[in-house]
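Here is the structure we will look at.
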Amino acid sequence: MLTALKRVVVFVLACGVCQFAHSQKTPAVSAETQQHIKDVEAGLRSSVILKDDPHPKHSLSERMMALHVPGVSIAVIHHGVIEWAQGFGVTSLDGPPVTAETLFQAGSISKPLAAMAALHQVQLGKLSLDADVNTVLTSWKLPDAPIASGKMVTLRELLTHTGGTTVHGFPGYASDAPVPSLVQVLNGEKPANTAAIRIEAAPGSHWNYTGGGYTIMQQMLIDVTKEPFPKLLHDTVLAPIGMTRSTYQQPLPVDMRAMAATPYEANGKPVAGGAHTYPEMAAAGLWTTPTDLARYLIEVQRSLKGEANHVLSQQMTKEMLTSGMGQYGLGLAIGGSAGNPHFGHGGVNDGFESTMTAYEQDGEGAVVMTNAQGGMRLADEVIRSIATAYHWPDFQPKVRAAVTVDPKILASYTGTYELTPTFSIVVTEEDGRLVTQASGQGKVPMLAESETKFFPTGFDAELEFYKDELGHVSYAMLRQNGHETKALKK
């Protein structure tokens, strides 16, 4: 891994839609900003920390080493401007350092910017939020399904993940693999590596995250505007906001590849063949920097106040940020309190994991991008460190106390718990503690909060076990992200 943490500092001032030339001089850094950076670097904590833990904090370099993350790039918004943007580590092992201008794949962070482009077309009257999507689709049509019971799918439902469409996410295509057309992706036809995008639930009935819905939206924008998707997004969103180091071009143009980070797997090895290609551009195709994403967040903050409406009107921005099912707006996840909400999104592509968040009202926010599988855990820890350094009301770690449970009780909980026909949690006992492993995921050690309730330290969740009238463990309840899911013991 890294023998020494390489670091390059680039400080940026934000000013609406200004263009930032590469030759721009680095502005003077205040003592307050310097202290903020030091506090963020030294203050990483897990989402859950143990009560009376004498060493709850870790440094950024320690966590990068532990999680095998070669490079991290961070931008912090304070009082409505980008206070600092900084790169840590390297773009590739033994390669150049990450800077604030290093490009990363944004993964699903592509969705909110693509949603903004769709809402811009709604403002122009070329799209409707509540009409049947098939009224504007010409290159392809969304097939009807009996489960839809005659209900149409709308753009609003696609943007809010309530359209009942299939395909959660996309793995992309290796550099030596054939890349399908968008219609082939929609139909699940070779060389597409995902299933056909179809209706699997009644539109509007419930929230279910689906990149497939955003891929339908991508085709809608192409059919309505008659523009290539990367050009449309550049002209209507990226350029007006001043995102000068961002593109939806897939694969990344040759002349930009020297500026891009190399993606890595969780084991520290580079992704074979480099960054994957994503024809599903609206769902996962954005290349960008934290600084450019911070400009997007600031644009949303200012548009909401009517101060900068380069893409959306104040009213459309309010509608975009209105929380619905799943605490999701029109392209953005919504959180925080009713009096002080925040908005944001995470993104995961093969070898790239990132997150961004910002408050609606007080001009605070941050973006963290990494070039490794598992980097989301690090990014979340950085966000918590930023939240502490800047006194945000949210994103603080939860303090929990651990107790010792009789091994006989632990043994009674072992087994397989089924949440859905295709997703289960296997519970085992190892070295005197419970260990859980969800379908397709790694093992997670659990600590006991009581004889029936257990929690991990790496993320905020809990698993509580319940017995039937005969005293046998019959099911467990998984609580995570504000949701409860019952899992029957098999």
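The values are calculated or read from the model by the stated rules, or taken from the named source; none is laboratory data. Not measured: the values here are computed from a predicted model. Ideal geometry is used to build each Cβ from the backbone, glycine not excepted, and the neighbour counts take in all protein chains shown. These area figures cover heavy atoms from the full protein model, side chains too; ligands, DNA and RNA do not enter into them. Shrake-Rupley method; radii C 1.70, N 1.55, O 1.52, S 1.80 Å.
Identify all residues within segment 335-375 that are aliphatic (A, V, I, L, M) and either open to solvent by 10 Å² or more (accessible area, probe 1.4 Å) or more than 12 Å from the chain's Cα centre (by Cα) (or both); write none if there are none.
Step one: filter segment 335-375 for residues aliphatic (A, V, I, L, M), giving 338, 348, 356, 358, 366-369, 372.
Across segment 335-375, the qualifying residues are Ala338, Val348, Ala358, Ala366, Ala372.
May I ask you to verify whether Ser92 is surrounded by fewer than 23 Cβ atoms within 10 Å (Cβ to Cβ) and under 19 Å from Asn349 (Cα atoms)? Give the derivation first.
Values: surrounded by fewer than 23 Cβ atoms within 10 Å (Cβ to Cβ): yes; under 19 Å from Asn349 (Cα atoms): yes.
Criteria met by Ser92.
(1) touching a strand residue (DSSP E or B) at 6+ places or on another chain (Cβ under 7 Å); (2) surrounded by 17 or more Cβ atoms within 10 Å (Cβ to Cβ): which one isn't true of Ile147, the others all being true?
Among (1) touching a strand residue (DSSP E or B) at 6+ places or on another chain (Cβ under 7 Å); (2) surrounded by 17 or more Cβ atoms within 10 Å (Cβ to Cβ), the lone unmet condition for Ile147 is (2).
Just the residues that are closer than 20 Å to Tyr173 by Cα and either aromatic (Phe, Trp, Tyr) or open to solvent by 10 Å² or more (accessible area, probe 1.4 Å) (or both), please, taken from segment 95-114.
From segment 95-114, those closer than 20 Å to Tyr173 by Cα are 103-111; that's our starting set.
Phe104, Ser108 - these are the residues of segment 95-114 that are closer than 20 Å to Tyr173 by Cα and either aromatic (Phe, Trp, Tyr) or open to solvent by 10 Å² or more (accessible area, probe 1.4 Å) (or both).
List the helices (runs of 4 or more DSSP H) inside segment 239-340, counting only whole elements, that have at least 1 residues being without any contact (Cβ under 8 Å) to a residue 12 or more places away in the chain and farther than 23 Å from Thr99 by Cβ. Walk me through how you get there before you give the answer.
On the way: elements: 281-284, 290-304, 314-320.
Ranges flagged: 314-320.
Given the residues Ile37, Ile77, which is the only one that is among the β-branched types (Val, Ile, Thr) and without any contact (Cβ under 8 Å) to a residue 60 or more places away in the chain? Quick ask: steps written out before the conclusion?
Details: Ile77 fails: without any contact (Cβ under 8 Å) to a residue 60 or more places away in the chain.
Sole residue among the options that is among the β-branched types (Val, Ile, Thr) and without any contact (Cβ under 8 Å) to a residue 60 or more places away in the chain: Ile37.
Residue by residue, here is whether (1) in a loop (DSSP other than H, G, I, E, B); (2) charged (D, E, K, R); (3) within 26 Å of Ala239 (Cβ to Cβ) holds:
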residue	(1), (2), (3)
Ala115	no, no, yes
Gln121	no, no, yes
Glu157	no, yes, no
His168	yes, no, no
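Filter segment 72-103 down to the residues that are touching a Pro at 6+ places or on another chain (Cβ under 8 Å) and not in a loop (DSSP other than H, G, I, E, B) and list them by number.
Scanning segment 72-103 gives Ser73, Ile74, Ala75, Ala85, Gly87, Gly89, Val90.
Kindly provide the set of residues from segment 58-85 that are open to solvent by 50 Å² or more (accessible area, probe 1.4 Å) and β-branched (Val, Ile, Thr), ordered by number.
Val81
Would you mention how many residues in segment 303-334 are at pLDDT 95 or above and in contact with a His (Cβ under 9 Å, 6 or more places away or on another chain)?
Number of matching residues: 9.
Looking only at residues that are out of contact with any Leu (no Cβ under 9 Å at 6 or more places or on another chain) and either of a type in the set (Phe, Trp, Tyr) or assigned to a helix (DSSP H, G or I) (or both) in segment 127-148, which one is farthest from Leu159 (Cα to Cα)?
Pro146
Condition first: assigned to a strand (DSSP E or B), hydrophobic (A, V, I, L, M, F, W, C) and within 18 Å of the chain's Cα centre (by Cα). Can you find one or more residues in segment 377-387 that meet it?
Just the residues of segment 377-387 that are assigned to a strand (DSSP E or B), to begin with: none.
Taking every residue of segment 377-387 in turn, none turns out to be assigned to a strand (DSSP E or B), hydrophobic (A, V, I, L, M, F, W, C) and within 18 Å of the chain's Cα centre (by Cα).
Does segment 170-206 hold any residues that are among the β-branched types (Val, Ile, Thr) and assigned to a loop (DSSP other than H, G, I, E, B), and which are they? Give the steps one after another, and end with the answer.
Going residue by residue through segment 170-206, those that are among the β-branched types (Val, Ile, Thr) are 179, 183, 185, 194, 197, 199.
Answer for segment 170-206, where residues must be among the β-branched types (Val, Ile, Thr) and assigned to a loop (DSSP other than H, G, I, E, B): Val179, Thr194, Ile197.
Provide a single number: the residues in segment 432-462 that are crowded, with 16+ Cβ neighbours inside 10 Å, in contact with a Leu (Cβ under 9 Å, 6 or more places away or on another chain) and over 15 Å from Ala487 (Cα atoms).
So the count comes out to 8.
Restricting to segment 150-172, name every residue that is open to solvent by 10 Å² or more (accessible area, probe 1.4 Å) and either of a type in the set (A, V, I, L, M) or out of contact with any helix residue (DSSP H, G or I) (no Cβ under 9 Å at 6 or more places or on another chain) (or both).
Hits for segment 150-172 are Gly150, Lys151, Met152, Arg156, Val167, Pro171.
From the list Lys408, Lys398, exactly one residue is free of Cβ contacts under 8 Å to residues at least 12 places away in the same chain, open to solvent by 10 Å² or more (accessible area, probe 1.4 Å) and of a type in the set (D, E, K, R). Which is it?
Values: Lys398 fails: free of Cβ contacts under 8 Å to residues at least 12 places away in the same chain.
Exactly one residue qualifies, and that residue is Lys408.
Of all residues being open to solvent by less than 20 Å² (accessible area, probe 1.4 Å) and among the hydroxyl-bearing types (Ser, Thr, Tyr) in segment 195-216, which is nearest to Asp130 (Cα to Cα)? Just the residue, please.
That would be Tyr214.
Search segment 434-462 for residues that are free of Cβ contacts under 8 Å to residues at least 24 places away in the same chain and part of a strand (DSSP E or B) and pair each with any residue that is buried (at least 18 other Cβ atoms within 10 Å of the Cβ) and hydroxyl-bearing (Ser, Thr, Tyr) when their beta-carbon atoms are under 7 Å apart and the residues are at least 6 apart or on different chains.
So the pair list comes out as Val444/Thr436.
Only residues that are farther than 23 Å from Leu232 by Cβ and touching a helix residue (DSSP H, G or I) at 6+ places or on another chain (Cβ under 7 Å): list them for segment 299-313, please.
Result: Leu304, Gly306.
Could you go through segment 463-477 and let me know if any residue there is under 22 Å from the mean Cα position of the chain (by Cα) and open to solvent by 20 Å² or more (accessible area, probe 1.4 Å). Spell out the reasoning first.
As a first pass, look at segment 463-477 and keep what is under 22 Å from the mean Cα position of the chain (by Cα): none.
No, that holds for no residue.
What's the number of the only condition in (1) modelled with pLDDT of 95 or more; (2) part of a loop (DSSP other than H, G, I, E, B); (3) open to solvent by 70 Å² or more (accessible area, probe 1.4 Å) that His55 fails to meet?
(1)
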